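A.B. asks: Here it is, the structure in full.
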Amino acid sequence: MRSKIALRSIIVTTRKDIKIYYKKAPVWIFGLLLPVFLFLAFFIGRELDTKQYFPGFLAMSLFFTASSVGPLIIPWEKQAGTFERLLSYPVSLSTMVIGDILAGAIFGAVVSAIVAAVGVAFLAIGVTDAIMLFLFFAAGNLCFAALGTLLSASSGRVPSNTMMLSALVRFPLIFISGVFVPLGQIHGAGAYLAYASPLTYLVDGFNSSLGVDSFVSAFIGILVLVLYSLLFFGLTIVLLRRNLMKGL
Amino acid sequence: MEDGGVIQIGGIEAAGLVKHFGDIAAVDDVSFSVGGAEFFGLLGPNGAGKTTTIRLMTGILRPDAGNITIDGIDLLAEPFDAKMRIGAVPEVGNIYADLSAMENLDLVGRYYGLSKEERRLRSKTLLETLSLWDRRDDLIRKYSKGMRQRVSVACALIHEPPVLFLDEPTEGLDVQSRRIIIDLVKQMNRKGSSVILTTHNIEEASRLCERVCIINHGKIITISSPEQLRMAYEKNLAVEVSFNGKIDRCLLEECAPGKIEEWGDKFRLHTDDPDKTIQKIMEVRREHNLRIVSIQTVGPSLEDVFVKLTGGIK
């Protein structure tokens, strides 16, 4: 009975998030348009190999889309006064957060699947390992949706504050994770930073699945993404418990 | 359990509830029980601990100490099962402005595991009762405050809970919305649900509640029926009088030993001897050639008792 109610609360929360929040402008601006513009700013006017950089672009678009709505859901709910009511339903903080993460992951998966399909169809990108590509898709979306939710956990009811924090965390990550500079060309302290970033493992995983040189084994890459997902989820719960009353 | 034809399905027990925010004890050793099908009021000034108590009992916050039982189920040990039996209109309990009334009810029904048919039928019944059926597909953002609150109450009732928590449900509403909501809640109560109501409207609490709990500084001051509370303060009598024209209150100062209050076109003279006070009012009337429009002796209202118990008006 208990697990049935818990599962239902996850599914209904995911459904609710998708229905209500994915139409909102900040989600599309920060989740989809921004990575496209960033990539175009980097790519246009330079003689770069499309196949070499496409996995990084795919990873970046997944990263931005999966983590775009998570930082906003709880502040929006607190601002609208729906958060307190939600907690009185048969949900727990954990099932609510899992629901939010799944919603982010589904959004990220849909958008990045479109990006991948466009790459394969129009840029002649070849998939060398479809199963690994799928596994990295799943692990990456969960990991970065969990990161998005973590960013909302310490916030109150002002979405713009969360967006500032979100930008502060997400933008540096794309510059240290092998998106614009291939992992093999990063040395010294930069390499340590790169290996501390979960995005690096997604970029590297996509590299190996799409026929570009990779540096970390696929198994370790997926394991790191899963461990980061669990870490982000755990931290979200701890911070949410501590900040539950903030903004209510 | 049955009592006079009402099936008693609810029941709440709170034992030794404690909740601190930093060094402040928002709720300090609060214990009470509410029977099945009982209408119970939780009264107190702002910051007394009412909302925190409701948040603890609806599973929104976890107490630092104490136990809560909802319809026989331990809320802390089995929160999912216990919450299935709760309907709550929290103090900040809005609904989704980007959804319609039907969509909001459908969403809440899903959380409680209602089938599609149940969700549809109950939403229809509730929205018809609340006079919102014609607006069922409009987005909530287009609703007035009263209409939103009606939908909010409907969301708390869609799963027909045995226990209902209402935190200031009629605060700031128009008369029509307030009546519609109160009628619906009374109807649920008659069907057997326990209701815990917090309100600033003491007359409303007096009219609706079988028992009230007065809470201040996180502690319970008293729990009793409104009538018993009034009886306990019966010696605090007053005479209310209104004249055909405006008079200076100084004229009445000799009529009663207690304080004199102006309530609209009436004067309320606090006294322990109403007969003597009325005689003196008659003398004033004769001397100044006034005409009395109405005169009556009144006992203490629940509001008087409340003010007395919570330390008066500061």
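A.B. asks: Expressed as a rounded percentage, what relative contact order does chain A have, with Cα pairs under 8 Å and six or more residues apart?
C.D. replies: Computed over chain A, the figure is 26 percent.
A.B. asks: Between the stretch B:242-269 and the stretch A:1-79, how far is it from one alpha carbon centroid to the other, in angstrom?
C.D. replies: 69
A.B. asks: I've got another one for you. What percent does the relative contact order of chain B come to when contacts are Cα pairs within less than 8 Å and at least six residues apart?
C.D. replies: Relative contact order for chain B comes out at 20 percent.
A.B. asks: Return one number: the angle in degrees, 0 to 90 and rounded to the nearest 10, between the long axis of the Cα atoms of helix B:175-190 and the longest principal axis of the Cα atoms of chain B.
C.D. replies: The angle comes out near 60 degrees.
A.B. asks: With labels modelled as points extended 7 Å from the Cα through the Cβ direction, what inter-label distance (nm, one decimal) is found for A:L231 paired with A:Q185?
C.D. replies: Each label point is offset 7 Å from its Cα along the Cβ direction, giving 2.7 nm.
A.B. asks: If one computes P(r) from the Cα atoms of the protein assembly as shown, what percent of pairs lie at distances over 30 Å?
C.D. replies: Taking all Cα-Cα pairs of the protein assembly as shown, the fraction more than 30 Å apart is 60 percent.
A.B. asks: Quote the relative contact order of the stretch B:237-298 in percent (integer), defining contacts as alpha-carbon pairs under 8 Å separated by 6+ residues.
C.D. replies: Computed over the stretch B:237-298, the figure is 51 percent.
A.B. asks: Of A:K16/B:K186; A:K24/A:K246; A:K16/B:K142; B:K124/B:K186; A:K78/B:K308; A:K4/B:K142, which pairs sit farther than 27 Å apart, going by alpha carbon to alpha carbon?
C.D. replies: Listed pairs above 27 Å: A:K16/B:K186; A:K78/B:K308; A:K4/B:K142.
A.B. asks: OK, next. Quote the charge dipole size of the protein assembly as shown about the Cα centre in Debye, to the nearest 20; the model charges only the Cβ of Lys and Arg (+1) and of Asp and Glu (-1).
C.D. replies: Here the protein assembly as shown has a charge dipole of around 960 debye.
A.B. asks: In addition: In the stretch B:181-275, which GluC sites (Glu not before Pro) fall in coil by DSSP and have 16 or fewer other Cβ atoms within 10 Å?
C.D. replies: B:E210, B:E234, B:E253, B:E254
A.B. asks: Taking amide H positions as placed in the peptide plane 1.01 Å from N, state which residues far from B:K219 in sequence (5 or more) or on other chains have amide H under 5 Å from it.
C.D. replies: B:D28
A.B. asks: I would also like to ask the following. Tell me the volume per residue, in Å³, of the convex hull enclosing the alpha carbons of chain A.
C.D. replies: For chain A, the hull spanned by Cα atoms encloses 127 Å³ per residue.
A.B. asks: A further question follows. May I ask you to sort A:C143, B:C209 by Cβ crowding, counting other Cβ atoms within 10 Å and putting the fewest first?
C.D. replies: Listing A:C143, B:C209 from fewest to most nearby Cβ atoms yields B:C209, A:C143.
A.B. asks: Rounded to the nearest 5, what % of DSSP beta bridges with both residues in the stretch B:2-229 are antiparallel?
C.D. replies: Percent antiparallel among DSSP bridges in the stretch B:2-229 is about 60.
A.B. asks: What net charge is computed for the residues neighbouring A:S154, neighbours being all others with C-beta under 9 Å from the C-beta of A:S154, Lys and Arg scored +1, Asp and Glu -1?
C.D. replies: Once all neighbours under 9 Å are counted, the net charge is +2.
A.B. asks: So for A:F134, A:F63, fewest C-beta neighbours within 10 Å to most, what's the order?
C.D. replies: If I rank by nearby Cβ atoms, fewest first, I get A:F134, A:F63.
A.B. asks: When DSSP beta bridges are limited to those with both residues in the protein assembly as shown, what percentage is antiparallel, rounded to the nearest 5?
C.D. replies: 70
A.B. asks: Grab the other residues whose beta carbon is less than 13 angstrom from that of A:K246, score K and R as +1, D and E as -1, and report the net.
C.D. replies: +2
A.B. asks: Counting other beta carbons within 10 Å of each residue's own, what order do A:R157, B:R62 fall into, fewest first?
C.D. replies: B:R62, A:R157
A.B. asks: Here is a further query. Over the Cα atoms, compute the radius of gyration (one decimal) and Dmax (the largest Cα-Cα distance, rounded to a whole number) for chain B, in Å.
C.D. replies: Rg then Dmax for chain B, in Å: 23.1, 75.
No lab work stands behind these numbers, since they all come straight from the coordinates. None of the values given here were measured: they were computed from a predicted structure. Using ideal geometry, Cβ is built from the backbone for each residue, glycine included, and neighbour counts are taken over all protein chains shown.
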